[in-house]
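*Asks:* Quick one: the structure is below, and I'll ask about it shortly.
The values are calculated or read from the model by the stated rules, or taken from the named source; none is laboratory data. Since the structure is predicted, the reported quantities are computational estimates derived from the model, not experimental observations. Glycine also receives a Cβ, built like all others from the backbone with ideal geometry; neighbour counts cover every protein chain displayed.
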Amino acid sequence: MQAKHAEHPPVTAASPADPGPVQSENDESPEALTPEELAAQWEAEAPERAGGVANLASSLVVLGLGGAGMALSVGLGLGTPAAPSAGMWPFIVSLIAAAMAVVQLIVGRRGGKDGEKFSAMSWYTVIGFATLILMVVLMPLIGFEIPALLLCFVWMRWLGGERWRSAVLYSVLVVVAFYAIFIAALGTTIPRLF
Amino acid sequence: MDFFGPVLDGFGTVLDPTNLLYCLLGVVIGMLIGVLPGLGPAATIAILLPLTYGVEPVTAIIMLAGIFYGAQYGGTITSVLLRLPGEASSVVTVFDGYVMAKQGRAGTALGIAAIGSFIGGTIAIVGLTFLAPLVASFALDFGPPEYTALALLGILLVATISGGSKIKAIIAAAVGLFLATVGRDGFTGAERFTFGNLSLADGIDFVPIAMGLFGVGEILYNLEERHRAVSAPLKVANVWPAGKDIKQASGAIGRGSVLGFFLGILPGGGATISSLASYALEKKTAKDPSRFGKGAIEGVAGPETANNAAATSSFIPLLTLGIPANATMAIIFGALLIQGVTPGPQLISNDPELFWGVVNSMYIGNILLLIMSIPLIGVFVRILRIRAAILAPITALITLLGAYTIRNSMFDVMLVVMFGAVGYLMKKFGFEPGPLVLAFVLGSLLESNLRRSLLVLEGDPSGFLTRPISATLLVVFVFVAVWPMIKSAIDQHKNRSMAVQAVNEKENA
């Protein structure tokens, strides 16, 4: 069933510096018609699996969180089964998480079929996340308009590869539309400048 | 008339013009957001949760039903036109739907999906109307031990049936249960894990978690996936299927309705399993199975009918037992709780107007979906043509500003963004957010029932096994927990014996 696709072609993303318009390149790929071919094609297109290191890292994080949870729960007092105290249930839950993390550490040591490797494109997510945080920090200080404009512009121009002109135009339009809907029409109390 | 009286009264509630308007609004907005690539029904409902605030409970729930159906159908549209299934339950729709679209029959595929969804949904609601009171009356004498066992089983089923690593799903569920304990303990009044933060004293709200994990998480993930460029959507012409198409698909729709209804009642991904089962069934019963994958209309009609029927019947465990069967239901459960409605066996008897209002709003949602989907297809296709680069910041802003409007709290918005990062990382490391959200929703119910049972049973856990219902549920729980191991052992054994057989055959040859 395994149509011999080239072994995971390294994702040929446009270099992150200049994403450029990356629309509709998919049309060149031969149309897979049967479900089996389609499944195989999806499999080939899928990003690389996270692998063993990621498994180790995530298991250790869970183990650490589970351990911390158990310690904090003990601090709250466990009580007895007949008269459980506040810490009993969180302790049990943390114990399950920690135990499962140990199992996963062993079972998934060679990677597994889940997760995805970080790629150069993951920086886009980091930048996107940073703009979201910036927006949350700035909104109470200077209102939502300027941070929203910035967010739209960054996402459209650099994360989305729009041209300067359309990025500016659409950012302004979006912010105006949000102002019209959330402030003018719905009368919400979102912090605003104007 | 005892039984039908409240049912009919429910229609009165739903047909109120305001409610109808909200339902319509829900369907349209649900479709608008659901059609955005990468946002499935769970994400769509999560993002739109703030919309249902500040509206009457019944109206809000009717709107939710509209959003739910709209979001479901939005996934179908992207499957057919872009070969991008919005969610697991419309993956099989891609096989024949996209091929049909390539052949210039996109309209027929979308039309038959809408008709099938309508019929499957309606049949499932009729079934629900009769079955729900039965299940609820059975569950009326459930005590704390039964609820403990039921909630445990529900969480485990959702964790193990979801795709991907089961161990990781259980870890996610445990994290969800832990997050549910944050805040003041209802029994002792002790502050748990608040670290002196006043905003955490009342516990973490469900909405920021759902909006963050499903909404912002998906949005952040899509930023990275953007370069997997999407081809332009295919053209759509004459949406109403021809008479012969409907005739050809009618068998598939009938079978899909029944199959979907029964599979949907079972906890754990009902819609996905039923769409797969329906596709397999149609292929098996077809006179010429080779047509499948080449644009067979039954391959669209069957699964689309089945997944909608299942999505509807999965309301049964939610409304009668208070146990959501999948991640989408978990979000609806959370939304109901926010409206002050606690789904459970008492709901039908205590608040029949509300219960039947909810059920009947599904009829309306379904009808509106059928009516709206056909003229609006053109609009959705146009939305699909808008570049993702422009849509992404819009959805992000809707989510952030929406999150703020819930309680006028920047802390909530911060939580949404933080859980968005958690959701993204979970996805990258192979953890499903579904079990986490479900476990979080059930967390306080599970804990309080467990602690009450322990008090009743005087700390003796074996007491769970002396009560027939909780004992049965726990036996099923253990079976579900152990079954994957047994199954893999059997598979290994089978593979080995097959390998031996193959070797023998080779030697003989």
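*Asks:* Touching a Ser or Thr at 6+ places or on another chain (Cβ under 7 Å) and more than 14 Å from every other protein chain (Cβ to nearest Cβ): which single residue out of B:303, B:241 fits that description?
*Replies:* Working: B:303 fails: more than 14 Å from every other protein chain (Cβ to nearest Cβ).
Only one candidate qualifies: B:241.
*Asks:* Another one. Look at residue B:149 and say whether it is in a helix (DSSP H, G or I), under 21 Å from the mean Cα position of the chain (by Cα) and touching a residue at least 60 places away in the same chain (Cβ under 8 Å). Even if it seems obvious, please write down each step before you answer.
*Replies:* Details: in a helix (DSSP H, G or I): yes; under 21 Å from the mean Cα position of the chain (by Cα): no; touching a residue at least 60 places away in the same chain (Cβ under 8 Å): yes.
No: the conditions fail for residue B:149.
*Asks:* Okay, moving on. Among the numbered criteria (1) assigned to a helix (DSSP H, G or I); (2) surrounded by 14 or more Cβ atoms within 10 Å (Cβ to Cβ); (3) at the interface with another protein chain (Cβ under 10 Å from one of its Cβ atoms), which single criterion is violated by residue A:177?
*Replies:* (2)
*Asks:* Let me ask another. Can you spot a residue in the range A:127-140 that is in a helix (DSSP H, G or I) and in contact with a Ser or Thr (Cβ under 7 Å, 6 or more places away or on another chain)?
*Replies:* Taking the range A:127-140 as the starting set, the residues that turn out to be in a helix (DSSP H, G or I) are A:127-140.
Imposing the further condition that a residue be in contact with a Ser or Thr (Cβ under 7 Å, 6 or more places away or on another chain) reduces the set to none.
Checked the range A:127-140: no residue is in a helix (DSSP H, G or I) and in contact with a Ser or Thr (Cβ under 7 Å, 6 or more places away or on another chain).
*Asks:* Cβ-Cβ below 8 Å, separation at least six or inter-chain, first residue in the range B:386-414 and at the interface with chain A (Cβ under 7 Å from one of its Cβ atoms) and polar (S, T, N, Q), second part of a helix (DSSP H, G or I) and crowded, with 18+ Cβ neighbours inside 10 Å: which pairs?
*Replies:* B:405/A:182; B:405/B:50
*Asks:* How about the range B:336-381: which of its residues are among the β-branched types (Val, Ile, Thr), out of contact with any Pro (no Cβ under 8 Å at 6 or more places or on another chain) and part of a loop (DSSP other than H, G, I, E, B)?
*Replies:* So in the range B:336-381, the residues among the β-branched types (Val, Ile, Thr) come out as B:338, B:341-342, B:348, B:358-359, B:364, B:367, B:371, B:374, B:377, B:379, B:381.
Those left that are additionally out of contact with any Pro (no Cβ under 8 Å at 6 or more places or on another chain): B:338, B:342, B:358-359, B:364, B:367, B:371, B:374, B:377, B:379.
Within the range B:336-381, just B:342 meets the criteria.
*Asks:* Something else: Pull up the range B:475-498, narrow it to residues that are of a type in the set (Val, Ile, Thr) and touching a helix residue (DSSP H, G or I) at 6+ places or on another chain (Cβ under 7 Å), then point me to the one that is nearest to residue B:464 (Cα to Cα). Before you say what the answer is, go through the steps one by one.
*Replies:* Step one: list which residues in the range B:475-498 are of a type in the set (Val, Ile, Thr), which gives B:475-476, B:478, B:480, B:482, B:486, B:490.
Of the ones still in play, those that are also touching a helix residue (DSSP H, G or I) at 6+ places or on another chain (Cβ under 7 Å) are B:476, B:480.
Values: B:476: 13, B:480: 18 Å.
Selected residue: B:476.
*Asks:* Let me ask something else. Hey, can you tell me all the residues within the range B:231-257 that are surrounded by fewer than 18 Cβ atoms within 10 Å (Cβ to Cβ) and within 14 Å of residue B:302 (Cβ to Cβ)? Please lay out each step first, then the result.
*Replies:* Let us first name the residues in the range B:231-257 that are surrounded by fewer than 18 Cβ atoms within 10 Å (Cβ to Cβ), namely B:231-232, B:235, B:237-238, B:240, B:242-244, B:247-248, B:250-251, B:254.
Listed by number, the residues that qualify are B:248, B:250, B:251, B:254.
*Asks:* With respect to residue B:16, is the statement that it is at pLDDT 80 or above and out of contact with any Leu (no Cβ under 7 Å at 6 or more places or on another chain) true?
*Replies:* Values: at pLDDT 80 or above: yes; out of contact with any Leu (no Cβ under 7 Å at 6 or more places or on another chain): yes.
So residue B:16 passes the test.
*Asks:* Output the number of the condition that residue B:450 fails; it satisfies all remaining conditions of (1) within 30 Å of residue A:186 (Cβ to Cβ); (2) modelled with pLDDT of 90 or more; (3) not aromatic (Phe, Trp, Tyr).
*Replies:* With (1) within 30 Å of residue A:186 (Cβ to Cβ); (2) modelled with pLDDT of 90 or more; (3) not aromatic (Phe, Trp, Tyr) applied to residue B:450, the lone miss is (1).
*Asks:* Give the range A:142-166 a look and list any residue that's more than 15 Å from residue B:396 (Cβ to Cβ) and among the aliphatic types (A, V, I, L, M), or say none.
*Replies:* Scanning the range A:142-166 gives A:142, A:146.
*Asks:* So the check is Cβ under 7 Å with 6+ separation or different chains; which pairs have a first residue in the range A:121-150 that's facing another protein chain (nearest Cβ under 10 Å) and a second one that's among the acidic types (Asp, Glu)?
*Replies:* Between residues of the range A:121-150 that are facing another protein chain (nearest Cβ under 10 Å) and residues that are among the acidic types (Asp, Glu), the close pairs are A:121/B:224; A:122/B:224; A:124/B:224; A:125/B:224.
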